[in-house]
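The values are calculated or read from the model by the stated rules, or taken from the named source; none is laboratory data. Everything numeric here is computed off the predicted structure, so don't read it as measured data. Heads up, the Cβs are rebuilt from the backbone with ideal geometry, glycines too, and the neighbour counts pull from every protein chain shown.
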Amino acid sequence: MKNYLRLGLAAAALVLFFNAFAVTETKAQILDDILKKMDNHYKSLVSLRADVKMVKYDATLQVTEKSDIYEGTTIYLPVKKGEAFVRIDWTKPTEEILSVAKGQYVVYRKRLNQAMIGETKNAKGTAKSNNALSFINMSREQLKANYSIKYMGAENVNGGTSTVHLALTPKKQTSYKLAEIWVDGNGMPIMAKVTENNNDTTTVLLMNLRKNVGINANDFAVKLPDNVKIVN
């Protein structure tokens, strides 16, 4: 009787093992298919116009203030070997322009008549919204080289858009410890959430996408007033 019981337990353990292996294999295949679709989208995307919403969360205060919810429009030019060109014209909670091109950023705050200019690697605050958009400009090889990627499942975002949720843990030390992206059926990351080392988060959602429309490098130049105060 004991022998039969042992055999039964062994058989059950084998079933559980192979079922777990099958689930892991399925998730790995799903992830590979997602990354292939993202890579195809990355290769075909020439330009992008979209509406954009950004929400910043303060982990220390455990709150998102109204002033930390931004809405506006964005234009985007991917660069296959370098940092993408990005411009965001915020209309809420106040008028503000962020432009990123050739490793430099400009943040123009109209109400204060002030412009911050600097290198993107040193960006802080509003200028860091570009981090959440950077995943659009990464090939499959770049994603695999820089992140440990985990498939988190299928989810609906923005009122019902079907996406797959991926968690990306940086393999090298960065200013953030985790990035999450939500990829639509075309392989386009339409939402990204970056969790910084202090647990503050920035979530960026793209809506009303218009792909491969006429945009050129001059569209990213920010025309500043002659009397603007420059802050480096």
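Just to check your reading of the model, which residue among 96, 83 is without any contact (Cβ under 8 Å) to a residue 60 or more places away in the chain, surrounded by 12 or more Cβ atoms within 10 Å (Cβ to Cβ) and more than 18 Å from the chain's Cα centre (by Cα)? Steps first, answer last, please.
Working: 83 fails: more than 18 Å from the chain's Cα centre (by Cα).
Just one listed residue meets the conditions, 96.
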Problem set entry | Verdict on residue 164 being surrounded by 14 or more Cβ atoms within 10 Å (Cβ to Cβ), among the β-branched types (Val, Ile, Thr) and more than 17 Å from residue 37 (Cα to Cα) | no
Problem set entry | Evaluation of residue 34 against (1) modelled with pLDDT under 90; (2) β-branched (Val, Ile, Thr); (3) over 30 Å from residue 217 (Cα atoms) (one fails), failing number | (1)
Seminar exercise, completed: Checked 224, 205, 143, 209 against criteria (within 10 Å of the chain's Cα centre (by Cα) and touching a residue at least 60 places away in the same chain (Cβ under 8 Å)); the one match is 205
Exercise. Would a scan of the stretch 141-159 turn up a residue that is surrounded by 15 or more Cβ atoms within 10 Å (Cβ to Cβ), hydrophobic (A, V, I, L, M, F, W, C) and at pLDDT below 90?
Worked result: no
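Residues that are farther than 26 Å from residue 118 by Cβ and not hydrophobic (A, V, I, L, M, F, W, C): which strands (runs of 3 or more DSSP E) entirely in the stretch 142-232 hold 2 or more of them?
Details: elements: 147-157, 161-170, 176-183, 189-196, 201-211, 229-231.
Hits in the stretch 142-232: 147-157, 161-170, 201-211.
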Problem set entry | Condition check for residue 146: touching a helix residue (DSSP H, G or I) at 6+ places or on another chain (Cβ under 9 Å) and either of a type in the set (S, T, N, Q) or at positive phi (or both) | no
Problem set entry | Qualifying residues in the stretch 29-59 (those that are touching a Ser or Thr at 6+ places or on another chain (Cβ under 6 Å) and not in a strand (DSSP E or B)) - the one surrounded by the fewest Cβ atoms within 10 Å (Cβ to Cβ) | 39
Seminar exercise, completed: Filter the stretch 101-140 for residues that are closer than 25 Å to residue 43 by Cβ and either in contact with a His (Cβ under 9 Å, 6 or more places away or on another chain) or hydrophobic (A, V, I, L, M, F, W, C) (or both); the one that is modelled with the lowest pLDDT is 132
Problem set entry | Positions within the stretch 60-80 being closer than 21 Å to residue 201 by Cα, in contact (Cβ under 8 Å) with a residue 24 or more places away in the chain, not in a strand (DSSP E or B) and not polar (S, T, N, Q), in sequence order | 66
Problem set entry | Residues of the stretch 60-80 that turn out to be farther than 28 Å from residue 153 by Cα, surrounded by fewer than 12 Cβ atoms within 10 Å (Cβ to Cβ) and not basic (Lys, Arg), as a count | 5
Exercise. Among the residues of the stretch 78-99 satisfying the criterion of being modelled with pLDDT of 90 or more and among the aliphatic types (A, V, I, L, M), which is farthest from residue 118 (Cα to Cα)?
Worked result: 88
